[in-house]
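Participant: First the structure, which I've put down as structure tokens, then a few questions once you've had a look.
The values are calculated or read from the model by the stated rules, or taken from the named source; none is laboratory data. Treat the numbers as computed from the prediction; the structure is a model and nothing was measured. Quick reminder, even Gly has a Cβ in these numbers, built from the backbone with ideal geometry, and neighbours come from all protein chains shown.
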Amino acid sequence: MVELDHAFATGPDTWATITDLERVIPCVEGGRVVEAVSPQEAKAEILVKMGAMSMTFTGTVEIVERDDDAQRAVLKVKSREKGGQGFANADVTFTLNGDGGQLHTAAQITGKAASMGEGVVHSVLDALIKDFTGKLATA
């Protein structure tokens, strides 16, 4: 399990973006919505580059908790490596306040991605999340 915390800047539409899967998923580098199942769930795909390797993960992103008043949401990501045995699952908790936001990620990764070592996984996830939060503020 890899756990990461990030503070990030917010824009005027950040909460609306976080709670709209068709807007938030493409903010992840390599991420795209495959099919909107409902306003709370989408089938998605992400291409992740880890060193010389590229892996595609397919699965679902679901808003499992949403508190509009507190501006707090939890998204659950469940994905499998396309053509492989691994998976990447995560609980991503967003909490917004007047000055910005906090993002807590608890990820579980197996397969080829995990075989790269915890340090590589941690640094790739950290870079992916930093890029994501930068895009989120302007989405």
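Participant: What number of residues within the range 16-33 satisfy the criterion of being under 15 Å from the mean Cα position of the chain (by Cα) and assigned to a helix (DSSP H, G or I)?
Facilitator: 9
Participant: While we're here: Tell me, yes or no, whether the range 34-43 has at least one residue that is surrounded by fewer than 16 Cβ atoms within 10 Å (Cβ to Cβ), of a type outside the set (Lys, Arg) and under 18 Å from residue 107 (Cβ atoms).
Facilitator: No; the residues of the range 34-43 include none that is surrounded by fewer than 16 Cβ atoms within 10 Å (Cβ to Cβ), of a type outside the set (Lys, Arg) and under 18 Å from residue 107 (Cβ atoms).
Participant: Do we have any residue at all in the range 128-137 that's out of contact with any Cys (no Cβ under 6 Å at 6 or more places or on another chain), at pLDDT 90 or above and of a type in the set (Phe, Trp, Tyr)?
Facilitator: No.
Participant: Could you grab the pairs with beta carbons closer than 7 Å, sequence gap of 6+ or different chains, first residue in the range 55-69 and basic (Lys, Arg), second one part of a strand (DSSP E or B)?
Facilitator: 66/73
Participant: Within the range 12-32, how many residues are farther than 18 Å from residue 66 by Cβ and either among the hydrophobic types (A, V, I, L, M, F, W, C) or touching a Gly at 6+ places or on another chain (Cβ under 7 Å) (or both)?
Facilitator: Looking only at that region, the number is 1.
Participant: Pairs needed: first member in the range 78-102, over 22 Å from residue 42 (Cβ atoms); second member anywhere, among the polar types (S, T, N, Q) and part of a strand (DSSP E or B); C-beta distance under 7 Å; at least 6 residues apart or different chains.
Facilitator: Qualifying pairs under 7 Å: 102/95.
Participant: Can you find even one residue in the range 62-69 that is at pLDDT below 95 and surrounded by fewer than 14 Cβ atoms within 10 Å (Cβ to Cβ)?
Facilitator: No; the residues of the range 62-69 include none that is at pLDDT below 95 and surrounded by fewer than 14 Cβ atoms within 10 Å (Cβ to Cβ).
Participant: Looking at 110, 138, 93, can you tell me which residue is closer than 16 Å to residue 19 by Cα and out of contact with any Leu (no Cβ under 9 Å at 6 or more places or on another chain)?
Facilitator: 138
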